[in-house]
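Note sheet for the following structure.
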Amino acid sequence: MSVRTLPLLFLNLGGEMLYILDQRLRAQNIPGDKARRVLHDIILTMFNKNFIEELFKPQELYTKKALRTIYDRLAHASIMRLNQASMDKLYDLMTMALKYQVLLCPRPKDVLLVTFNHLDAIKGFIQDNPALLNLVDETFRRLIEVYGGLSAGQFQLIRQTLLAFFQDLHIRVSIFLKDKVQNSNGRFVLPVSGPVPWGTEVPGLIRMFNNKGDEVRREEFQHGGNFVTAPKEGSFEVYGDRVLKLGTNMYSVNRPVETHTSGTSKNLTSQTQQSIAPNPLAKEELNFLAKLMGGMEIKKLSGPEPGFRLNLFTTDEEEEQAALTRPDELSHEVVNIQAIQDQQRNQELARIMEEFEVTDQPRWSASKGDGLLAMMDEL
(Lines give C-alpha, C1' and ligand atoms only; values in the text may rest on other atoms or scores of the structure.)
Protein backbone atom coordinates (compact mmCIF):
# COMPACT_ATOMS: atom_id res chain seq x y z
CA MET A 1 0.00 0.00 0.00
CA SER A 2 1.27 3.46 -0.90
CA VAL A 3 1.24 6.22 1.72
CA ARG A 4 0.94 8.82 -1.10
CA THR A 5 -2.49 7.73 -2.34
CA LEU A 6 -4.86 9.71 -0.09
CA PRO A 7 -4.46 13.17 -1.74
CA LEU A 8 -5.13 11.74 -5.21
CA LEU A 9 -8.16 9.79 -3.97
CA PHE A 10 -9.64 12.78 -2.15
CA LEU A 11 -9.10 15.33 -4.93
CA ASN A 12 -10.42 13.07 -7.69
CA LEU A 13 -13.51 12.02 -5.73
CA GLY A 14 -14.07 15.67 -4.81
CA GLY A 15 -13.85 16.65 -8.47
CA GLU A 16 -16.45 14.03 -9.41
CA MET A 17 -18.70 15.28 -6.61
CA LEU A 18 -18.55 18.81 -8.00
CA TYR A 19 -19.36 17.57 -11.53
CA ILE A 20 -22.47 15.77 -10.27
CA LEU A 21 -23.67 18.61 -8.04
CA ASP A 22 -23.20 21.13 -10.86
CA GLN A 23 -25.30 18.96 -13.19
CA ARG A 24 -28.08 18.49 -10.61
CA LEU A 25 -28.13 22.18 -9.68
CA ARG A 26 -28.70 23.01 -13.34
CA ALA A 27 -31.23 20.22 -13.84
CA GLN A 28 -33.32 21.44 -10.87
CA ASN A 29 -33.14 25.05 -12.06
CA ILE A 30 -31.53 26.29 -8.85
CA PRO A 31 -30.95 30.07 -9.19
CA GLY A 32 -27.48 30.86 -10.51
CA ASP A 33 -26.34 32.81 -7.46
CA LYS A 34 -27.26 29.96 -5.10
CA ALA A 35 -25.67 27.32 -7.33
CA ARG A 36 -22.51 29.39 -7.57
CA ARG A 37 -22.36 29.84 -3.81
CA VAL A 38 -22.74 26.09 -3.21
CA LEU A 39 -19.90 25.17 -5.55
CA HIS A 40 -17.63 27.97 -4.30
CA ASP A 41 -18.24 27.08 -0.64
CA ILE A 42 -17.45 23.40 -1.25
CA ILE A 43 -14.30 24.26 -3.22
CA LEU A 44 -13.19 26.67 -0.49
CA THR A 45 -13.57 23.88 2.06
CA MET A 46 -11.83 21.29 -0.15
CA PHE A 47 -8.77 23.46 -0.70
CA ASN A 48 -8.49 24.96 2.76
CA LYS A 49 -4.77 25.39 3.42
CA ASN A 50 -4.77 23.62 6.79
CA PHE A 51 -6.79 20.72 5.43
CA ILE A 52 -4.56 20.31 2.36
CA GLU A 53 -1.50 20.45 4.61
CA GLU A 54 -2.85 17.56 6.69
CA LEU A 55 -4.04 15.66 3.61
CA PHE A 56 -0.61 15.57 1.97
CA LYS A 57 1.16 14.05 4.96
CA PRO A 58 2.23 10.46 4.13
CA GLN A 59 -0.45 8.15 5.54
CA GLU A 60 -2.24 4.95 4.68
CA LEU A 61 -5.77 4.87 3.31
CA TYR A 62 -8.54 4.19 5.79
CA THR A 63 -11.88 2.49 5.27
CA LYS A 64 -14.58 3.64 2.89
CA LYS A 65 -16.73 4.62 5.86
CA ALA A 66 -14.11 6.97 7.25
CA LEU A 67 -13.65 8.73 3.91
CA ARG A 68 -17.38 8.75 3.24
CA THR A 69 -17.86 10.77 6.41
CA ILE A 70 -15.55 13.46 5.01
CA TYR A 71 -17.68 13.79 1.87
CA ASP A 72 -20.91 13.88 3.88
CA ARG A 73 -19.64 16.97 5.65
CA LEU A 74 -18.08 18.43 2.52
CA ALA A 75 -21.36 18.20 0.61
CA HIS A 76 -23.01 20.21 3.39
CA ALA A 77 -20.39 22.96 3.51
CA SER A 78 -22.88 25.48 2.09
CA ILE A 79 -26.63 26.17 2.02
CA MET A 80 -27.45 22.95 0.17
CA ARG A 81 -28.64 19.80 1.93
CA LEU A 82 -28.96 16.19 0.71
CA ASN A 83 -30.95 13.43 2.34
CA GLN A 84 -29.64 9.89 2.88
CA ALA A 85 -30.78 8.42 -0.45
CA SER A 86 -29.38 11.29 -2.51
CA MET A 87 -26.09 11.23 -0.59
CA ASP A 88 -25.82 7.49 -1.20
CA LYS A 89 -26.38 8.00 -4.92
CA LEU A 90 -23.88 10.86 -5.04
CA TYR A 91 -21.18 8.76 -3.40
CA ASP A 92 -21.95 5.76 -5.63
CA LEU A 93 -21.54 7.90 -8.77
CA MET A 94 -18.31 9.44 -7.45
CA THR A 95 -16.67 6.12 -6.61
CA MET A 96 -17.70 4.26 -9.78
CA ALA A 97 -16.56 7.12 -12.02
CA LEU A 98 -13.13 7.24 -10.40
CA LYS A 99 -12.83 3.44 -10.44
CA TYR A 100 -13.47 3.52 -14.20
CA GLN A 101 -10.84 6.22 -14.69
CA VAL A 102 -8.18 4.41 -12.66
CA LEU A 103 -8.87 1.12 -14.48
CA LEU A 104 -8.48 2.75 -17.89
CA CYS A 105 -5.34 4.78 -17.15
CA PRO A 106 -2.86 3.84 -19.92
CA ARG A 107 0.10 4.19 -17.52
CA PRO A 108 0.13 4.26 -13.70
CA LYS A 109 1.60 7.78 -13.89
CA ASP A 110 -1.49 8.94 -15.77
CA VAL A 111 -3.43 8.85 -12.49
CA LEU A 112 -1.80 12.24 -11.96
CA LEU A 113 -3.18 13.49 -15.31
CA VAL A 114 -6.65 12.36 -14.22
CA THR A 115 -6.20 14.47 -11.08
CA PHE A 116 -5.06 17.45 -13.15
CA ASN A 117 -8.15 17.12 -15.37
CA HIS A 118 -10.33 17.33 -12.27
CA LEU A 119 -8.48 20.38 -10.98
CA ASP A 120 -8.63 22.06 -14.40
CA ALA A 121 -12.42 21.62 -14.40
CA ILE A 122 -12.70 22.87 -10.82
CA LYS A 123 -10.90 26.05 -11.88
CA GLY A 124 -13.60 26.47 -14.54
CA PHE A 125 -16.21 26.69 -11.76
CA ILE A 126 -14.35 29.55 -10.02
CA GLN A 127 -12.99 31.66 -12.88
CA ASP A 128 -14.41 34.81 -11.28
CA ASN A 129 -12.88 34.13 -7.85
CA PRO A 130 -9.11 34.89 -7.78
CA ALA A 131 -8.73 33.84 -4.16
CA LEU A 132 -10.11 30.37 -4.83
CA LEU A 133 -8.11 30.06 -8.05
CA ASN A 134 -4.97 30.75 -6.05
CA LEU A 135 -5.85 27.97 -3.57
CA VAL A 136 -6.32 25.46 -6.41
CA ASP A 137 -3.08 26.56 -8.10
CA GLU A 138 -1.23 26.06 -4.81
CA THR A 139 -2.57 22.50 -4.70
CA PHE A 140 -1.44 22.04 -8.30
CA ARG A 141 2.08 23.08 -7.36
CA ARG A 142 2.07 20.82 -4.31
CA LEU A 143 0.99 17.86 -6.46
CA ILE A 144 3.82 18.55 -8.91
CA GLU A 145 6.30 18.86 -6.04
CA VAL A 146 5.21 15.64 -4.29
CA TYR A 147 4.47 13.40 -7.29
CA GLY A 148 6.65 14.86 -10.05
CA GLY A 149 9.73 12.88 -9.03
CA LEU A 150 8.09 9.52 -8.30
CA SER A 151 9.22 6.47 -10.27
CA ALA A 152 7.00 4.29 -12.46
CA GLY A 153 7.07 1.65 -9.72
CA GLN A 154 5.83 4.13 -7.10
CA PHE A 155 2.97 5.19 -9.35
CA GLN A 156 2.12 1.54 -9.95
CA LEU A 157 1.87 1.05 -6.20
CA ILE A 158 -0.43 4.10 -5.97
CA ARG A 159 -2.63 2.68 -8.73
CA GLN A 160 -2.77 -0.72 -7.02
CA THR A 161 -3.75 0.96 -3.74
CA LEU A 162 -6.58 2.81 -5.49
CA LEU A 163 -7.83 -0.34 -7.22
CA ALA A 164 -7.75 -2.22 -3.91
CA PHE A 165 -9.88 0.56 -2.39
CA PHE A 166 -12.48 0.15 -5.16
CA GLN A 167 -12.34 -3.64 -5.24
CA ASP A 168 -15.75 -5.40 -5.23
CA LEU A 169 -17.66 -2.17 -5.97
CA HIS A 170 -19.91 -3.11 -8.90
CA ILE A 171 -22.66 -0.50 -8.88
CA ARG A 172 -24.31 -0.11 -12.27
CA VAL A 173 -24.44 3.45 -13.62
CA SER A 174 -26.80 4.25 -16.48
CA ILE A 175 -24.38 6.54 -18.30
CA PHE A 176 -21.78 3.74 -18.39
CA LEU A 177 -24.33 1.12 -19.41
CA LYS A 178 -25.61 3.28 -22.28
CA ASP A 179 -22.07 3.90 -23.50
CA LYS A 180 -21.44 0.13 -23.31
CA VAL A 181 -18.40 0.53 -21.08
CA GLN A 182 -20.06 -1.37 -18.21
CA ASN A 183 -21.72 -4.78 -18.22
CA SER A 184 -25.05 -5.57 -16.58
CA ASN A 185 -23.20 -7.16 -13.64
CA GLY A 186 -21.52 -3.82 -12.86
CA ARG A 187 -18.06 -4.75 -14.17
CA PHE A 188 -16.28 -2.42 -16.59
CA VAL A 189 -15.34 -3.30 -20.16
CA LEU A 190 -11.66 -2.72 -20.93
CA PRO A 191 -11.16 -1.36 -24.47
CA VAL A 192 -9.12 -3.12 -27.17
CA SER A 193 -8.67 -0.02 -29.30
CA GLY A 194 -7.35 3.53 -29.09
CA PRO A 195 -3.91 4.95 -28.31
CA VAL A 196 -1.35 2.82 -26.51
CA PRO A 197 0.46 4.27 -23.48
CA TRP A 198 2.93 7.03 -24.26
CA GLY A 199 6.40 5.66 -24.92
CA THR A 200 5.18 2.21 -26.04
CA GLU A 201 4.60 0.68 -29.45
CA VAL A 202 1.46 -0.68 -31.04
CA PRO A 203 1.35 -4.46 -30.32
CA GLY A 204 1.84 -6.93 -33.14
CA LEU A 205 5.61 -7.44 -33.33
CA ILE A 206 7.87 -9.87 -31.44
CA ARG A 207 11.64 -9.25 -31.50
CA MET A 208 14.09 -12.02 -30.58
CA PHE A 209 17.66 -11.39 -29.43
CA ASN A 210 20.75 -13.56 -28.99
CA ASN A 211 22.88 -13.76 -25.88
CA LYS A 212 24.89 -10.75 -27.07
CA GLY A 213 21.83 -8.54 -27.22
CA ASP A 214 21.64 -8.44 -31.00
CA GLU A 215 18.26 -8.72 -32.69
CA VAL A 216 18.19 -11.91 -34.75
CA ARG A 217 14.57 -12.38 -35.79
CA ARG A 218 11.16 -10.71 -35.93
CA GLU A 219 7.72 -12.21 -35.98
CA GLU A 220 4.39 -10.48 -36.38
CA PHE A 221 1.12 -11.56 -34.79
CA GLN A 222 -2.53 -10.50 -34.90
CA HIS A 223 -3.51 -8.80 -31.65
CA GLY A 224 -7.20 -8.50 -32.46
CA GLY A 225 -7.46 -4.84 -31.48
CA ASN A 226 -7.38 -1.47 -33.17
CA PHE A 227 -4.54 0.36 -31.44
CA VAL A 228 -2.70 3.49 -32.55
CA THR A 229 0.41 5.29 -31.34
CA ALA A 230 -0.19 7.99 -28.71
CA PRO A 231 0.04 11.42 -30.41
CA LYS A 232 1.93 13.06 -27.53
CA GLU A 233 2.37 12.94 -23.78
CA GLY A 234 0.00 14.90 -21.59
CA SER A 235 1.32 17.94 -19.75
CA PHE A 236 2.22 17.54 -16.08
CA GLU A 237 2.54 21.30 -15.56
CA VAL A 238 0.01 23.64 -13.91
CA TYR A 239 -1.18 24.74 -17.35
CA GLY A 240 -1.11 22.55 -20.44
CA ASP A 241 -2.82 20.01 -22.66
CA ARG A 242 -3.47 16.86 -20.63
CA VAL A 243 -4.25 14.85 -23.84
CA LEU A 244 -5.90 12.18 -21.66
CA LYS A 245 -9.67 12.69 -21.38
CA LEU A 246 -10.18 10.56 -18.27
CA GLY A 247 -11.22 12.80 -15.38
CA THR A 248 -12.99 15.40 -17.51
CA ASN A 249 -16.63 16.25 -16.87
CA MET A 250 -18.87 13.59 -18.41
CA TYR A 251 -21.96 15.44 -17.15
CA SER A 252 -21.29 18.58 -19.18
CA VAL A 253 -24.11 17.43 -21.48
CA ASN A 254 -27.31 17.12 -19.49
CA ARG A 255 -27.93 13.38 -19.20
CA PRO A 256 -29.99 11.64 -16.50
CA VAL A 257 -27.85 9.25 -14.49
CA GLU A 258 -29.19 6.33 -12.48
CA THR A 259 -27.41 3.85 -10.23
CA HIS A 260 -28.35 0.27 -9.47
CA THR A 261 -26.72 -2.17 -7.09
CA SER A 262 -25.69 -5.27 -8.99
CA GLY A 263 -27.60 -8.34 -7.87
CA THR A 264 -24.51 -10.47 -8.53
CA SER A 265 -22.26 -8.42 -6.28
CA LYS A 266 -22.30 -10.77 -3.31
CA ASN A 267 -18.69 -10.05 -2.45
CA LEU A 268 -19.54 -6.40 -1.88
CA THR A 269 -22.33 -7.33 0.49
CA SER A 270 -20.16 -9.64 2.55
CA GLN A 271 -17.31 -7.13 2.58
CA THR A 272 -19.63 -4.35 3.74
CA GLN A 273 -21.10 -6.57 6.45
CA GLN A 274 -17.59 -7.25 7.69
CA SER A 275 -16.88 -3.52 7.86
CA ILE A 276 -19.92 -3.06 10.09
CA ALA A 277 -18.34 -5.33 12.68
CA PRO A 278 -16.20 -3.74 15.40
CA ASN A 279 -13.07 -2.37 13.76
CA PRO A 280 -9.74 -3.09 15.48
CA LEU A 281 -8.43 0.12 13.90
CA ALA A 282 -11.23 2.20 15.42
CA LYS A 283 -8.89 4.36 17.45
CA GLU A 284 -6.60 5.01 14.49
CA GLU A 285 -9.54 5.95 12.27
CA LEU A 286 -10.85 8.24 14.99
CA ASN A 287 -7.47 9.96 15.12
CA PHE A 288 -7.42 10.21 11.33
CA LEU A 289 -10.86 11.84 11.16
CA ALA A 290 -10.09 14.18 14.01
CA LYS A 291 -6.91 15.44 12.34
CA LEU A 292 -8.39 15.74 8.86
CA MET A 293 -11.63 17.39 9.93
CA GLY A 294 -9.79 19.71 12.24
CA GLY A 295 -8.42 21.34 9.10
CA MET A 296 -11.77 21.67 7.35
CA GLU A 297 -13.81 24.82 7.78
CA ILE A 298 -17.52 24.11 7.42
CA LYS A 299 -19.57 27.21 6.76
CA LYS A 300 -22.44 27.71 9.17
CA LEU A 301 -25.74 29.04 7.92
CA SER A 302 -26.45 32.47 9.33
CA GLY A 303 -29.03 35.16 8.75
CA PRO A 304 -32.43 34.83 7.13
CA GLU A 305 -31.23 33.30 3.85
CA PRO A 306 -33.00 29.94 3.41
CA GLY A 307 -31.19 26.78 2.38
CA PHE A 308 -32.48 24.31 -0.15
CA ARG A 309 -32.57 20.56 -0.66
CA LEU A 310 -30.96 18.99 -3.73
CA ASN A 311 -32.39 15.78 -5.12
CA LEU A 312 -30.10 13.51 -7.14
CA PHE A 313 -33.10 11.63 -8.48
CA THR A 314 -35.52 12.76 -11.17
CA THR A 315 -38.45 12.96 -8.74
CA ASP A 316 -39.03 12.88 -4.98
CA GLU A 317 -40.87 9.58 -5.42
CA GLU A 318 -37.81 7.97 -6.98
CA GLU A 319 -35.68 9.25 -4.10
CA GLU A 320 -38.06 7.81 -1.51
CA GLN A 321 -38.23 4.49 -3.35
CA ALA A 322 -34.44 4.28 -3.51
CA ALA A 323 -34.21 4.79 0.23
CA LEU A 324 -36.70 1.96 0.81
CA THR A 325 -35.19 -0.56 -1.62
CA ARG A 326 -31.48 -0.10 -0.92
CA PRO A 327 -30.17 -3.13 1.02
CA ASP A 328 -29.35 -2.29 4.62
CA GLU A 329 -25.88 -3.80 4.33
CA LEU A 330 -25.05 -1.41 1.48
CA SER A 331 -26.30 1.72 3.20
CA HIS A 332 -23.53 4.13 4.16
CA GLU A 333 -24.34 4.45 7.82
CA VAL A 334 -21.63 5.56 10.21
CA VAL A 335 -20.42 2.91 12.64
CA ASN A 336 -20.59 3.62 16.35
CA ILE A 337 -16.96 3.56 17.49
CA GLN A 338 -16.35 2.91 21.16
CA ALA A 339 -13.01 4.44 22.11
CA ILE A 340 -13.82 5.44 25.67
CA GLN A 341 -10.33 4.80 26.98
CA ASP A 342 -8.87 7.64 24.96
CA GLN A 343 -10.65 10.51 26.72
CA GLN A 344 -8.42 13.19 25.28
CA ARG A 345 -9.17 12.11 21.71
CA ASN A 346 -12.89 11.91 22.48
CA GLN A 347 -12.80 15.48 23.74
CA GLU A 348 -10.93 16.61 20.62
CA LEU A 349 -13.47 14.93 18.34
CA ALA A 350 -16.34 16.39 20.34
CA ARG A 351 -14.84 19.86 19.91
CA ILE A 352 -14.57 19.35 16.16
CA MET A 353 -18.11 18.04 15.91
CA GLU A 354 -19.37 21.04 17.84
CA GLU A 355 -17.71 23.35 15.31
CA PHE A 356 -19.45 21.45 12.52
CA GLU A 357 -22.94 21.98 13.97
CA VAL A 358 -25.24 24.09 11.79
CA THR A 359 -26.80 26.60 14.13
CA ASP A 360 -29.49 28.00 11.87
CA GLN A 361 -30.78 25.27 9.62
CA PRO A 362 -33.09 25.99 6.66
CA ARG A 363 -36.65 24.76 6.93
CA TRP A 364 -38.14 21.98 4.86
CA SER A 365 -39.89 18.68 5.42
CA ALA A 366 -38.14 16.79 8.20
CA SER A 367 -38.44 13.56 6.22
CA LYS A 368 -36.31 15.01 3.43
CA GLY A 369 -33.25 16.70 4.80
CA ASP A 370 -32.42 15.92 8.39
CA GLY A 371 -30.68 12.57 8.03
CA LEU A 372 -27.10 13.46 7.24
CA LEU A 373 -26.35 16.30 9.60
CA ALA A 374 -26.54 14.02 12.64
CA MET A 375 -24.54 11.15 11.16
CA MET A 376 -21.24 11.96 12.77
CA ASP A 377 -22.78 12.76 16.12
CA GLU A 378 -23.18 8.97 16.52
CA LEU A 379 -19.44 8.61 17.04
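The values are calculated or read from the model by the stated rules, or taken from the named source; none is laboratory data. Remember, it's a predicted structure, so these values are computed and weren't measured experimentally. Cβ: placed from backbone, ideal geometry, glycine included. Neighbour counts: every protein chain shown. Keep in mind that these areas ignore ligands, DNA and RNA; they rest on the heavy atoms of the full protein, side chains included. Shrake-Rupley method; radii C 1.70, N 1.55, O 1.52, S 1.80 Å.
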Practice task
Report, to the nearest whole %, how much of the accessible area of the stretch 49-138 belongs to carbon and sulfur atoms, 1.4 Å probe, protein only.
Solution key: 51 percent
Fill in the blank from the handout: Heads up, the stretch 37-83 by the C-alpha gyration tensor (a ≥ b ≥ c square roots of eigenvalues; a/c under 1.5 rounded, else a/b over b/c prolate, else oblate) looks oblate
Exercise for the section: Would you kindly calculate the mean projected area, averaged across all directions, of the convex hull enclosing the Cα atoms of the stretch 9-136, in square nanometres? Expected result: 8.2 nm²
Handout entry: Nitroxide proxy distance, nm - points 7 Å out along Cα→Cβ at Gln127 and Glu145
Key = 2.9 nm
Exercise for the section: Under 1.5 on a/c is rounded, so check that first for the stretch 86-181, then, if it is not, pick prolate when a/b is larger than b/c and oblate when it is not; a ≥ b ≥ c are the square roots of the alpha carbon gyration tensor eigenvalues. Expected result: oblate
Handout entry: Cβ charges +1 (Lys, Arg) and -1 (Asp, Glu), total dipole of the stretch 1-157, debye
Key = 260 debye
Handout entry: the stretch 83-172: relative contact order in percent, alpha carbon pairs under 8 Å with at least 6 residues between
Key = 46 percent
Handout entry: Theoretical gain in end-to-end length, Gln160 to His223 [0.36 nm per residue, Cα-Cα removed]
Key = 20.1 nm
Completion exercise
Projected onto the charge dipole of the stretch 39-101 (unit charges on the beta-carbon of Lys, Arg, Asp and Glu, signs +1, +1, -1, -1), the Cα from Ile43, Met87, Pro58 with the largest positive-side position is that of Met87
Problem - Cut-off 13 Å between beta-carbons: net charge of the residues surrounding Gln167, Lys and Arg +1, Asp and Glu -1 - result: +3
Problem - Extended-chain gain in nm, criterion 0.36 nm per residue less alpha-carbon gap, Ala152 and Lys232 - result: 27.0 nm
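What does the highest-first list of 184-191, 207-214 look like by mean Cβ count within 10 Å? Let's see the in-between values first.
On the way: 184-191: 13.4, 207-214: 7.6.
Those peptides, ordered most packed to least, come out 184-191, 207-214.
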Completion exercise
Regression test value, accessible area per residue of the stretch 2-114, probe 1.4 Å, units Å², expected 24 Å²
Completion exercise
Everything considered on the Cα gyration tensor (a ≥ b ≥ c; rounded for a/c under 1.5, else prolate if a/b is larger than b/c, else oblate), the stretch 133-188 must be described as oblate
Practice task
For the stretch 224-237, take each phi angle, set θ = phi - 60°, evaluate the Karplus expression 6.51 cos²θ - 1.76 cosθ + 1.60, and give the result in whole Hz per residue in order, putting x for glycine and proline.
Solution key: x, x, 10, 8, 9, 6, 4, x, 6, 7, x, 7, 9, 9
